[in-house]
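What follows is a single structure, written as structure tokens, with notes after it.
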Amino acid sequence: MKRIFEVDPWKVTSHIFNPEDKRLQESMTAIGNDYMGIRGNFEEGYSADGLQGTYLAGVWFPDKTRVGWWKNGYPEYFGKSLNAPSFINVEITVNGERVDLAKSKFSDFYLSLDMHQGLLTRSYVYEGKDVKVKFEFNRFLSNKIKEAALIDIKATVLEGSAKIKFNAKIDSNVVNEDSNYDEHFWQPLGEDGEGRTVQVITKPNPYEGVPQFTVLLKQGLKANGEKIEGKVTTTTGVLSETVEVELNENDTYELEKDVVVVTSRDVEPAEQAKKATDLLDAVQSESFVDNLADHTAIWEKRWEQSDIVIAGDEAAQQGIRFNILQLFMTYYGEDRRLNVGPKGFTGEKYGGATYWDTEAYIVPMYLAVTKPEVTKALLEYRHEQLPGAYHNAKQQGLKGALFPMVTFNGIECHNEWEITFEEIHRNADIPFAIYQYTNYTGDDSYVKDEGMDVLVGTARFWADRVHFSKRKGKYMIHGVTGPNEYENNVNNNWFTNTMARWLIGYTLERLPKATAEAQKRVAVTDEEKAKWQDIVDNMYLPEDKELGIFVQHDTFLDKDLRPVSEIEDQRPINQNWSWDKILRSPFIKQADVLQGIYFLNDHYTMEQKEKNFDFYEPMTVHESSLSPCIHSILAAELGKKEKAVELYERTARLDLDNYNNDTVDGLHITSMSGSWLAIVQGFAGMRYDADHLKFNPFVPDKWNHYSFKLNYRGRLIEVYADHKEIKVSLLKGADLEIIVKGDKVQLKEGETQCLKA
Ligand code: BGC
């Protein structure tokens, strides 16, 4: 655990710069606008260790697979979000000396991410020979003109006189740190000094259907609010524009650098220069301050709908806001071709690709904080990728559709056998989002039509993947990896078997209600239906009646079972133990049986929930960021308030406090929704079925109160809870009956219902 930023309800601020924490600082101060994102790199450059990271949504490269030992069925490539040409750079020299915080003398360092609007501010006093200059940097990625990045730099001479040279650059000589064969994925197409542009294209690739992307970047400068032109030079893939000023004591000079980035996802390569000119003109026709105001107005609306207010615990408050901010900076659902990568735009790990994280963690939050169309777009994203899913199943010699563990286009690109071939629970978790969407929104048009293609495709996969054990007279699923990736190749993982059975059962239930068109398309035969029903009726689900628990997999109970408290000094085990030791151990990376109890919450009794929680949680190391929130929600349901709060804090401040010692790689974007879920589904006990929205709130002892808002079937609802009362207000929309603490409550627009806590 390491906290390098101060606790504040609306800011992530530091007054200290420690080079050892450079990468951590970069991850924590990454900003994005769901079109692109940048790590918290310094504009003036930084010559010591760091990761210059710029990522453009949906721009990726198929990096040829590299494995120690090739196994049949491995994907040919791993899709990676490309580290894009770097465009924030403005190198600075003062009286001939390069300003570089790795080498220069400086004081009064300040760095702050303002969460109201994702504005990154930094300042320090540069101390050169006979000169002191205060530099202030502000940057944001515009929500109004998504292609635009705005950077404002102020230099004020505090002592002496300064000849300052600014070199504003676009640099496409960038590599992905994690490139498998140290390849450069970008090839320059040309630099236009006069037009201030650089255009690049991704390397040709041999894979069918994987596009080449062309990107054009254009910069424009302003000095003290007026457009200026510096002296331009170009080298291959690089544009440099220099401006020199001479300042005396107390003089201030303000340089604004505006950049627009257009990609072939939206604009044909031949049209990009023109489009960039138009966009840059639009940006530069307004001042930095006015552009920022437009951008902030969009954030204000978002916060108005989705802020969670926590009174009495600033660390908890900062945690939830940081997570909501980072999530919305990654994905706000405005481009339906996109999805949410586990690290968003904040690092290279996980390649910016789509995982089951989206359906399991993002969907339940986004259903309530964004418009229903956003979640529907996420569902349709998978529908469009069904051909890839059929391809993946075929690769494994199986029928039906297998959604990938990692993908950009539906084709699996993960390449570790224990995940690629075995972590197949995803193929029920992903369709589970259809069930969530249908129940939450009350809109069954998707499940009746396109959703049916997904359900039947995945049901066919499961029906082929199970086998019948004659000895036990049951259907089984062998050779899998459950969500707990600290065990592989296990037989009858309870979670996988349970979710596969659920998926087949749900498909059978919904099929007769599907549109005639969809039924014709999927053409399920009577024979198939009978087989599916037999699987539902006879799926093997390991259980230990004496312990009162579902068993994680066939041999789990034969392990050397002991609590995590016995190995406290050896954690995190994934950084301290050899892999075989981890695999043999009873320690669980993330919710596994408990993930199933969380998903199918209303299938189980409180006693079953409690017994399983008490058995598995003490053996769980939570070394996936996806883990603590699920446990927090279940602990809250079971009245284990302290545990619920402890795990909430771990979820909400996972990156702010670097709990898993891996935030240097980037933020844990997809698990950030977990902190929202821990408050709303955990502390406030929000559940829903096809008919009702339900709450069962409690307030953590340390907090005074909390409140949040939800979109629900065309309404905006606010829930407030303190230690004495619960208030539910229908801010907008038609009358509604909800259930609070088991009782029916009638909501009317503009009115608040108060209930005793
Ligand atoms: C987790 C997976 C998850 C992936 C991406 C892994 O560490 O075990 O469940 O999908 O990270 O977040």
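The values are calculated or read from the model by the stated rules, or taken from the named source; none is laboratory data. This is a predicted model, so every value here is computed, not measured. Note that each Cβ is placed from the backbone with ideal geometry, even for glycine, and that neighbours are counted across all protein chains shown. The accessibility values were calculated without ligands, DNA or RNA, using every heavy atom of the protein model including side chains. Shrake-Rupley method; radii C 1.70, N 1.55, O 1.52, S 1.80 Å.
Assess whether LEU634 counts as being at pLDDT 95 or above, outside the structural domain of HIS553 (by TED's automatic domain parsing) and either in a helix (DSSP H, G or I) or away from the ligand (no atom under 16 Å from the Cβ) (or both). Write out each step before concluding.
Working: at pLDDT 95 or above: yes; outside the structural domain of HIS553 (by TED's automatic domain parsing): yes; either in a helix (DSSP H, G or I) or away from the ligand (no atom under 16 Å from the Cβ) (or both): yes.
Yes; evaluated as a whole, the condition is true for this residue.
Name, by its number, the condition in (1) touching a Ser or Thr at 6+ places or on another chain (Cβ under 9 Å); (2) part of a helix (DSSP H, G or I); (3) within 22 Å of ASN497 (Cβ to Cβ) that does not hold for GLY457.
Of the numbered conditions (1) touching a Ser or Thr at 6+ places or on another chain (Cβ under 9 Å); (2) part of a helix (DSSP H, G or I); (3) within 22 Å of ASN497 (Cβ to Cβ), the odd one out for GLY457 is (1).
Within the stretch 353-384, how many residues turn out to be free of Cβ contacts under 8 Å to residues at least 60 places away in the same chain and either surrounded by fewer than 23 Cβ atoms within 10 Å (Cβ to Cβ) or aromatic (Phe, Trp, Tyr) (or both)? Before the answer, list the steps.
To start, the set of residues in the stretch 353-384 that are free of Cβ contacts under 8 Å to residues at least 60 places away in the same chain comprises 354, 373-374, 377-378, 381, 384.
With either surrounded by fewer than 23 Cβ atoms within 10 Å (Cβ to Cβ) or aromatic (Phe, Trp, Tyr) (or both) added as a condition, the list becomes 373-374, 377, 381, 384.
Qualifying residue count for the region: 5.
Tally up the residues in the stretch 321-352 that are modelled with pLDDT under 95, surrounded by fewer than 24 Cβ atoms within 10 Å (Cβ to Cβ) and in a helix (DSSP H, G or I), please.
2
For (1) in a loop (DSSP other than H, G, I, E, B); (2) at pLDDT below 95, each residue gets a yes or a no:
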{"residue": "HIS622", "(1), (2)": "yes, no"}
{"residue": "ILE630", "(1), (2)": "no, no"}
{"residue": "GLU642", "(1), (2)": "no, no"}
{"residue": "LEU647", "(1), (2)": "no, no"}
{"residue": "ASP655", "(1), (2)": "yes, no"}
{"residue": "TYR659", "(1), (2)": "yes, yes"}
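Please enumerate the residues belonging to the stretch 353-379 that are away from the ligand (no atom under 11 Å from the Cβ) and either part of a loop (DSSP other than H, G, I, E, B) or more than 21 Å from GLY682 (Cα to Cα) (or both).
THR370, LYS371, PRO372, GLU373, VAL374, THR375, LYS376, ALA377, LEU378, LEU379
Restricting to strands (runs of 3 or more DSSP E) lying wholly in the stretch 215-301: which have 2 or more residues that are over 16 Å from GLU191 (Cβ atoms), free of Cβ contacts under 8 Å to residues at least 60 places away in the same chain and not aliphatic (A, V, I, L, M)? Please lay out each step first, then the result.
Details: elements: 226-228, 231-235, 238-247, 252-263.
In the stretch 215-301, the matching strands (runs of 3 or more DSSP E) lie at 226-228.
What single numbered condition from (1) open to solvent by 40 Å² or more (accessible area, probe 1.4 Å); (2) under 30 Å from LYS132 (Cα atoms) fails to hold for TYR253?
So TYR253 meets the others, but not (1).
From ILE92, ILE151, ILE88, ILE164, which residue is crowded, with 21+ Cβ neighbours inside 10 Å, in contact (Cβ under 8 Å) with a residue 12 or more places away in the chain and assigned to a loop (DSSP other than H, G, I, E, B)?
Numbers: ILE92 fails: assigned to a loop (DSSP other than H, G, I, E, B); ILE151 fails: assigned to a loop (DSSP other than H, G, I, E, B); ILE164 fails: assigned to a loop (DSSP other than H, G, I, E, B).
Of ILE92, ILE151, ILE88, ILE164, the one residue that is crowded, with 21+ Cβ neighbours inside 10 Å, in contact (Cβ under 8 Å) with a residue 12 or more places away in the chain and assigned to a loop (DSSP other than H, G, I, E, B) is ILE88.
If you take the residues in the stretch 417-437 that are more than 11 Å from the ligand (Cβ to nearest atom) and part of a loop (DSSP other than H, G, I, E, B), which one is farthest from PRO483 (Cα to Cα)? Reasoning before the result, please.
First, pick out the residues of the stretch 417-437 that are more than 11 Å from the ligand (Cβ to nearest atom): 417-418, 420-422, 424, 427-428, 430-437.
Filter once more, keeping what is part of a loop (DSSP other than H, G, I, E, B): 421-422, 424.
Working: PHE421: 13, GLU422: 10, ILE424: 9 Å.
So, considering only residues that are more than 11 Å from the ligand (Cβ to nearest atom) and part of a loop (DSSP other than H, G, I, E, B), the one farthest from PRO483 (Cα to Cα) is PHE421.
Please go through the stretch 192-210 and give me each residue that is under 20 Å from VAL267 (Cβ atoms), open to solvent by less than 60 Å² (accessible area, probe 1.4 Å) and not hydroxyl-bearing (Ser, Thr, Tyr), ordered by number.
Within the stretch 192-210, GLY195, ARG196, VAL198, GLN199, VAL200, ILE201, VAL210 qualify.
Would you mind finding the one in VAL593, VAL536 that is in contact (Cβ under 8 Å) with a residue 12 or more places away in the chain, in contact with a Phe, Trp or Tyr (Cβ under 7 Å, 6 or more places away or on another chain) and either buried (at least 18 other Cβ atoms within 10 Å of the Cβ) or on the phi > 0 side of the Ramachandran plot (or both)? Talk me through it step by step, then tell me what you get.
Working: VAL536 fails: in contact with a Phe, Trp or Tyr (Cβ under 7 Å, 6 or more places away or on another chain).
Matching residue, one of VAL593, VAL536: VAL593.
Among GLY347, GLY333, which is within 16 Å of the ligand (Cβ to nearest atom) and either of a type in the set (Gly, Ala, Ser) or within 27 Å of THR441 (Cα to Cα) (or both)? So that I can check it myself, show each step before the final result.
Details: GLY333 fails: within 16 Å of the ligand (Cβ to nearest atom).
Just one listed residue meets the conditions, GLY347.
Can you tell me which condition TYR390 does not meet? The list is (1) part of a loop (DSSP other than H, G, I, E, B); (2) more than 16 Å from the ligand (Cβ to nearest atom), and all the others hold.
With respect to (1) part of a loop (DSSP other than H, G, I, E, B); (2) more than 16 Å from the ligand (Cβ to nearest atom), TYR390 is out only on (1).
Going residue by residue through the stretch 126-141, is there one that turns out to be touching a Phe, Trp or Tyr at 6+ places or on another chain (Cβ under 7 Å), among the hydroxyl-bearing types (Ser, Thr, Tyr) and either more than 23 Å from TYR35 (Cβ to Cβ) or open to solvent by 30 Å² or more (accessible area, probe 1.4 Å) (or both)?
Yes, the stretch 126-141 has at least one match.
Would you confirm, using the coordinates I've provided, whether VAL283 is hydrophobic (A, V, I, L, M, F, W, C) and open to solvent by 10 Å² or more (accessible area, probe 1.4 Å)? Before you say what the answer is, go through the steps one by one.
Working: hydrophobic (A, V, I, L, M, F, W, C): yes; open to solvent by 10 Å² or more (accessible area, probe 1.4 Å): no.
The answer is no for VAL283.
Quick check: is even one residue across the stretch 435-445 surrounded by 23 or more Cβ atoms within 10 Å (Cβ to Cβ), over 23 Å from THR525 (Cβ atoms) and at pLDDT 95 or above? Walk me through it before giving the result.
As a first pass, look at the stretch 435-445 and keep what is surrounded by 23 or more Cβ atoms within 10 Å (Cβ to Cβ): 437.
Next cut, over 23 Å from THR525 (Cβ atoms) only: 437.
Imposing the further condition that a residue be at pLDDT 95 or above reduces the set to 437.
Checked against the condition, which is being surrounded by 23 or more Cβ atoms within 10 Å (Cβ to Cβ), over 23 Å from THR525 (Cβ atoms) and at pLDDT 95 or above, the stretch 435-445 yields at least one hit.
Go through (1) open to solvent by less than 10 Å² (accessible area, probe 1.4 Å); (2) out of contact with any helix residue (DSSP H, G or I) (no Cβ under 6 Å at 6 or more places or on another chain) one by one and return the number of the condition ILE298 breaks.
ILE298 satisfies every listed condition except (1).
Can you tell me which condition LEU113 does not meet? The list is (1) buried (at least 19 other Cβ atoms within 10 Å of the Cβ); (2) out of contact with any strand residue (DSSP E or B) (no Cβ under 6 Å at 6 or more places or on another chain); (3) not polar (S, T, N, Q), and all the others hold.
(2)
Which members of the stretch 467-486 meet the condition of being within 15 Å of the ligand (Cβ to nearest atom) and open to solvent by 10 Å² or more (accessible area, probe 1.4 Å)? Before the answer, list the steps.
Of the stretch 467-486, the ones within 15 Å of the ligand (Cβ to nearest atom) are 480-486.
Of everything in the stretch 467-486, just one residue is within 15 Å of the ligand (Cβ to nearest atom) and open to solvent by 10 Å² or more (accessible area, probe 1.4 Å), namely GLU485.
Working only within the stretch 650-671, note down all residues that are among the charged types (D, E, K, R), surrounded by fewer than 23 Cβ atoms within 10 Å (Cβ to Cβ) and within 21 Å of ASP313 (Cβ to Cβ).
Passing the criteria: ARG653, ASP657.
Identify the residue in the stretch 678-695 that is open to solvent by 10 Å² or more (accessible area, probe 1.4 Å) and touching a residue at least 60 places away in the same chain (Cβ under 8 Å) and, among all such residues, is farthest from GLN436 (Cα to Cα).
GLN681
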